[in-house]
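Trainee: If you scroll down you'll find the structure; I have some questions about it.
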Amino acid sequence: MSVLLNPKIERKSDPKRALLAERLRKAAEAAVPLSFAQQRLWFLDQLEPNSPLYNVPTVVNMRGTLDAEALRQALEGLIARHETLRTRFIDNDGSPAQVVDAKLRGELNVHDLSERPVPQREAEARSLVREEVNRPFDLRSGPPIRAMLIRIKADEYWFILNLHHIISDEWSLKICFEELTEFYTAFCEKRSPQLPALALQYADYALWQREWLKDEVLEEELGYWRQQLQGNPPVLELPADHPRPAMQTFRGGIRSRVLPAELSESLMQLGTRHGATLFMVALAAFKALLHRYTQQDDIIIGSPITGRNQMETEQLIGFFVNTLLLRTDLSGDPPFEELLRRVRETTLNAYAHGDLPFEKLVEKLHPERAATHMPFTRVMFALQNSLLEELRWPGVVLRFSDPETETSKFDLTLVVQVGERGMIVQAEYNRDLFEPATVERFLEHFEILLKGIVEDSGRRISELPLFSETELHKVVVEWNDTKTEYPREKCIHELFEAQAERRPNATAVLFGRQSLTYEELNHRANRLAHYLKKFSVGPDVLVGICVDRSVEMVVGMLAILKAGGAYMPIEPGYPRERLTFMLADAGTPVLLTQQQLVARLPKSASVLCLDSDW
């Protein structure tokens, strides 16, 4: 488990903010409006109810002597402390609103598998985890939090904490486990938890945000983004293994790759030399890789930020995360150092205007919408630090792992996690577009690219290495090893005739809805070859062929060879003067073409239309 890493954010305390929120909360009715981010998730839930897409689960392996009742009491204490965990979301006269329940018991769903045969325990536990992770929440009836404890054996448990994204984010998960640690420890030691009082609750923040973000403030923030996103920027088109469905799908998978610790250290040193963070360096490398894959110069990527720019929000569990759109111009094949400068400038400006919620941006800028993808971008990037890999409770060690997910909100989301073991690069991808092997190869290319950047950051992005030695050998040597043994004493048309003898009914040529078997193609080519003999076509005689890609093209080429001549291909798009010169210079007695091309051709040769002169 990890939290988002912002490039550099100065957090401030604003006493007026707390007073304003308190005044607004008192003036509001029991049902409080949603924050802008919450409102988007609420509408998505209405469009596609009973979906686990916005579940935020955490899976923890617990080893030691666990007090299950103390854990339940810790959950209850956490829920009592944070209103978001007691919040229901309703339709209040056509507008979404949040209602905070006064009290909610901390439910802990316990499964004891310790009496099962050993081989069955883990398989059954994984099944329970998968079922919990993919079970949707009912936002209307609540609660937006669930907890499950699976006992594997006397000193081993699996704990699953599942929250809906409408009341949580990555930062919130860190708060959850920090405070669960204090609550659990306090109950085990029979003392009161030592946690500071919260200055605000999330509903206070939602009210403050709606009061603050309007009029001059809203227009100032929108002004930057209108300029940044002007010109109807293209959506990134990654080459996919499968056609894009007509409607956006969310069937996802995850692939990961561990990078060496020394690589992340070298990348941080590179960033320091250029006044950039590791986030900026990794983002620039990711964009370079996307450019190599797509050849697009104008690339927009979404990136989540914590959205907690005030100290009062730092200890709140809630949905604060915002999405920034980071647009970079990669034209001119710049050196990586120049690309890094562009990315750094874009990132700093975007973070300076990061208070505008993405939902408000979409509402005001009216981007072209499609059922196949989210507005503006299909690709996301995040860098996470503070990996929460292990915690210690009285008598218990907690180790965190990533749950198996079956959803993906975007075509591709690349997450770079920075921890003690180095960097872990994780790709969440849409399974309806990409095969797992394709995503694994993408991660391998990313690592090779990063190593090439460290070796020489002055190289242009087109010159940075992408392939491993094995893959390079396959592309350059193996795929070009096309030598095939065949009877050297026979010509191509004779080899074709032999194949027509062996497989007369097999399909020989296919174009659109047209097709010819070997027998049909051989018959049509023979007829044309006999006709060409009347024009004295034979050895050392050139025959011009000027046709669009079609079945007739194959018939004409084969017939010329059968007649003993040689064909001279002529591009239909050439200027008439060039066509006249080519035909006169070659001395072709006849020109094979198609009816729709006759008007473009000179009158210097006998013309035969393959599609109309039969």
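The values are calculated or read from the model by the stated rules, or taken from the named source; none is laboratory data. Keep in mind that this is a model prediction, so the values were computed, not measured. Ideal geometry is used to build each Cβ from the backbone, glycine not excepted, and the neighbour counts take in all protein chains shown.
Trainee: Among (1) buried (at least 17 other Cβ atoms within 10 Å of the Cβ); (2) in contact (Cβ under 8 Å) with a residue 60 or more places away in the chain; (3) of a type outside the set (S, T, N, Q), where does Pro136 come up short?
Mentor: Condition (1) is where Pro136 drops out.
Trainee: Tell me whether segment 553-567 contains one or more residues that are β-branched (Val, Ile, Thr), in contact with a Phe, Trp or Tyr (Cβ under 8 Å, 6 or more places away or on another chain) and either over 19 Å from Cys491 (Cα atoms) or part of a helix (DSSP H, G or I) (or both).
Mentor: Taking every residue of segment 553-567 in turn, at least one turns out to be β-branched (Val, Ile, Thr), in contact with a Phe, Trp or Tyr (Cβ under 8 Å, 6 or more places away or on another chain) and either over 19 Å from Cys491 (Cα atoms) or part of a helix (DSSP H, G or I) (or both).
Trainee: Separate question: Among the residues of segment 568-583 satisfying the criterion of being without any contact (Cβ under 8 Å) to a residue 12 or more places away in the chain and either not in a helix (DSSP H, G or I) or not hydrophobic (A, V, I, L, M, F, W, C) (or both), which is farthest from Phe511 (Cα to Cα)? Spell out how you get there, then give the answer.
Mentor: Initial filter on segment 568-583 (without any contact (Cβ under 8 Å) to a residue 12 or more places away in the chain): 573-575, 577-578, 581.
Next, from what is left, pick out any that are either not in a helix (DSSP H, G or I) or not hydrophobic (A, V, I, L, M, F, W, C) (or both): 573-575, 577-578.
Numbers: Gly573: 21, Tyr574: 24, Pro575: 27, Glu577: 31, Arg578: 29 Å.
Residue satisfying both the conditions and the ranking: Glu577.
Trainee: Looking at Asp241, is it closer than 18 Å to Phe320 by Cα, assigned by TED's automatic domain parsing to the domain that holds His353, in contact with an Asp or Glu (Cβ under 8 Å, 6 or more places away or on another chain) and of a type in the set (D, E, K, R)?
Mentor: no
Trainee: For segment 282-291, state whether one or more residues are farther than 20 Å from Met374 by Cα and not in a helix (DSSP H, G or I).
Mentor: no
Trainee: Those residues that are β-branched (Val, Ile, Thr), over 18 Å from Leu383 (Cβ atoms) and modelled with pLDDT of 95 or more, I need them from segment 297-352; list them, please.
Mentor: Listed by number, the list holds a single entry, Ile317.
Trainee: Looking for something surrounded by fewer than 17 Cβ atoms within 10 Å (Cβ to Cβ), over 19 Å from the mean Cα position of the chain (by Cα), among the charged types (D, E, K, R) and assigned to a loop (DSSP other than H, G, I, E, B) - is there at least one such residue anywhere in segment 342-349?
Mentor: no
Trainee: Inspect segment 600-610 for any residue being basic (Lys, Arg), part of a helix (DSSP H, G or I), touching a helix residue (DSSP H, G or I) at 6+ places or on another chain (Cβ under 8 Å) and more than 26 Å from Phe511 (Cα to Cα) and give the result as yes or no.
Mentor: No: segment 600-610 contains no residue that is basic (Lys, Arg), part of a helix (DSSP H, G or I), touching a helix residue (DSSP H, G or I) at 6+ places or on another chain (Cβ under 8 Å) and more than 26 Å from Phe511 (Cα to Cα).
Trainee: Among the listed residues Ser550, Ser604, Ser536, identify the single one that is polar (S, T, N, Q), assigned by TED's automatic domain parsing to the domain that holds Gly512 and modelled with pLDDT under 85.
Mentor: Every option except Ser604 fails the conditions.
Trainee: On to the next question. Being over 18 Å from Leu326 (Cβ atoms), in the same structural domain as Thr306 (by TED's automatic domain parsing) and part of a strand (DSSP E or B) narrows it down to one of Leu414, Leu391, so name that one. If you could, list the steps in order and put the result at the bottom.
Mentor: Details: Leu414 fails: over 18 Å from Leu326 (Cβ atoms).
On inspection, the qualifying residue turns out to be Leu391.
Trainee: Restricted to segment 531-551, and to residues that are part of a helix (DSSP H, G or I) and in contact with a helix residue (DSSP H, G or I) (Cβ under 9 Å, 6 or more places away or on another chain), which residue is surrounded by the most Cβ atoms within 10 Å (Cβ to Cβ)?
Mentor: Within segment 531-551, the subset part of a helix (DSSP H, G or I) is 531-533, 551.
Next, from what is left, pick out any that are in contact with a helix residue (DSSP H, G or I) (Cβ under 9 Å, 6 or more places away or on another chain): 531-532, 551.
Values: Tyr531: 16, Leu532: 24, Val551: 21.
It comes out as Leu532.
Trainee: Regarding segment 447-457, can at least one residue be identified that is over 25 Å from Ser264 (Cβ atoms) and either part of a loop (DSSP other than H, G, I, E, B) or not aliphatic (A, V, I, L, M) (or both)?
Mentor: Looking for residues that are over 25 Å from Ser264 (Cβ atoms) and either part of a loop (DSSP other than H, G, I, E, B) or not aliphatic (A, V, I, L, M) (or both), one finds none in segment 447-457, hence no.
Trainee: When the residues of segment 474-512 are narrowed to those that are surrounded by 11 or more Cβ atoms within 10 Å (Cβ to Cβ), at pLDDT below 90 and assigned to a loop (DSSP other than H, G, I, E, B), which ends up nearest to the chain's Cα centre (by Cα)?
Mentor: Of everything passing the filter in segment 474-512, Cys491 is nearest to the chain's Cα centre (by Cα).
Trainee: In addition: Being basic (Lys, Arg), under 17 Å from Arg146 (Cα atoms) and either assigned to a helix (DSSP H, G or I) or touching an Asp or Glu at 6+ places or on another chain (Cβ under 9 Å) (or both) is the filter here, so list the residues in segment 89-125 that pass it.
Mentor: Arg105
Trainee: Given the conditions (1) out of contact with any helix residue (DSSP H, G or I) (no Cβ under 6 Å at 6 or more places or on another chain); (2) surrounded by 17 or more Cβ atoms within 10 Å (Cβ to Cβ); (3) not polar (S, T, N, Q), which single one is not true for Gly231?
Mentor: (2)
Trainee: Which condition does Ser468 not pass, out of (1) surrounded by fewer than 16 Cβ atoms within 10 Å (Cβ to Cβ); (2) hydroxyl-bearing (Ser, Thr, Tyr); (3) in the same structural domain as Val554 (by TED's automatic domain parsing), if it passes all the others?
Mentor: (3)
Trainee: Name the residue, out of Gly271, Gly275, Gly253, that is surrounded by fewer than 17 Cβ atoms within 10 Å (Cβ to Cβ) and not hydroxyl-bearing (Ser, Thr, Tyr).
Mentor: Numbers: Gly271 fails: surrounded by fewer than 17 Cβ atoms within 10 Å (Cβ to Cβ); Gly253 fails: surrounded by fewer than 17 Cβ atoms within 10 Å (Cβ to Cβ).
Every option except Gly275 fails the conditions.
Trainee: Here's something else I'd like to know. Just the residues that are touching a strand residue (DSSP E or B) at 6+ places or on another chain (Cβ under 7 Å), assigned to a helix (DSSP H, G or I) and within 25 Å of Arg135 (Cβ to Cβ), please, taken from segment 167-183. Don't jump to the end; show me each part of the working.
Mentor: Start the filter on segment 167-183 by keeping residues that are touching a strand residue (DSSP E or B) at 6+ places or on another chain (Cβ under 7 Å), which leaves 167-168, 170-171, 173-174, 176-177, 181.
If we keep only those that are assigned to a helix (DSSP H, G or I) as well, we get 167, 170-171, 173-174, 176-177, 181.
Scanning segment 167-183 gives Ile167, Glu170, Trp171, Leu173, Lys174, Cys176, Phe177.
Trainee: Filter segment 185-200 down to the residues that are in a loop (DSSP other than H, G, I, E, B) and among the small types (Gly, Ala, Ser), then identify the one that is surrounded by the most Cβ atoms within 10 Å (Cβ to Cβ). Spell out the reasoning first.
Mentor: In the first step, residues of segment 185-200 are kept if they are in a loop (DSSP other than H, G, I, E, B); the result is 189-200.
Retained after the next criterion (residues that are among the small types (Gly, Ala, Ser)): 192, 197, 199.
Numbers: Ser192: 8, Ala197: 6, Ala199: 19.
So the residue we want is Ala199.
Trainee: How do the pairs read when you match residues in segment 522-549 that are charged (D, E, K, R) with residues anywhere that are not in a helix (DSSP H, G or I), using Cβ under 6 Å and keeping only pairs 6 or more apart or on different chains?
Mentor: Lys533/Ala563
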